[in-house]
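For reference, the structure is listed below as structure tokens.
The values are calculated or read from the model by the stated rules, or taken from the named source; none is laboratory data. Note that the structure is a prediction, hence the values are computed from the model and not measured. Positions of Cβ are generated from backbone atoms using ideal geometry, with glycine treated the same way; all protein chains shown enter the neighbour counts.
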Amino acid sequence: MTTLFSEEQQNLLMSIGAVFVICQAVEPLLDFFCELTSASVVTLDLLEGLSAETRRKTVGQMLNKLRNAVRVDPQIESMLKSFLDHRNEFVVE
């Protein structure tokens, strides 16, 4: 059986797929964190509506909401921005 890709290419494609899956898994957690952190009061209604609301927002929108609600440590801000920039670059490319 012949394959279209060499073993090295297959490994690279599998690694790219794994990174994409990890990004997809991290984003909802990051959104959840930003939403809870920016809320003045955490209520059951907030928690129940969270998944529907956060699914419609981009990671960038959630980070802006966090920045507007609380002072974010510059190091954390840098790490979050780096994640977002690298994720966008990865997905677009």
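Take the stretch 68-80 and flag every residue that is surrounded by 14 or more Cβ atoms within 10 Å (Cβ to Cβ) and part of a helix (DSSP H, G or I).
Within the stretch 68-80, 69, 77, 80 qualify.
Taking residue 1 and the conditions (1) modelled with pLDDT under 80; (2) part of a helix (DSSP H, G or I), which numbered condition does it fall short on, given that it satisfies the others?
(2)
Among (1) at pLDDT below 80; (2) closer than 28 Å to residue 20 by Cβ; (3) aliphatic (A, V, I, L, M), there is one condition residue 80 misses while meeting the rest; what is its number?
It fails just one condition, (1).
If we keep just the residues of the stretch 4-42 that are of a type in the set (S, T, N, Q) and modelled with pLDDT under 80, which is surrounded by the most Cβ atoms within 10 Å (Cβ to Cβ)?
Residues of the stretch 4-42 that are of a type in the set (S, T, N, Q), as a first pass: 6, 9-11, 15, 24, 37-38, 40.
Pick out the ones that are also modelled with pLDDT under 80 and you get 37-38, 40.
Details: 37: 14, 38: 16, 40: 6.
It comes out as 38.
Name every residue in the stretch 4-26 that is part of a helix (DSSP H, G or I) and of a type in the set (A, V, I, L, M), in order of residue number.
Listed by number, the residues that qualify are 12, 13, 14, 16, 18, 19, 21, 22, 25, 26.
Inspect the stretch 54-65 for any residue being among the hydroxyl-bearing types (Ser, Thr, Tyr), under 22 Å from residue 89 (Cα atoms) and at pLDDT below 80 and give the result as yes or no.
Yes: the stretch 54-65 contains one or more residues that are among the hydroxyl-bearing types (Ser, Thr, Tyr), under 22 Å from residue 89 (Cα atoms) and at pLDDT below 80.
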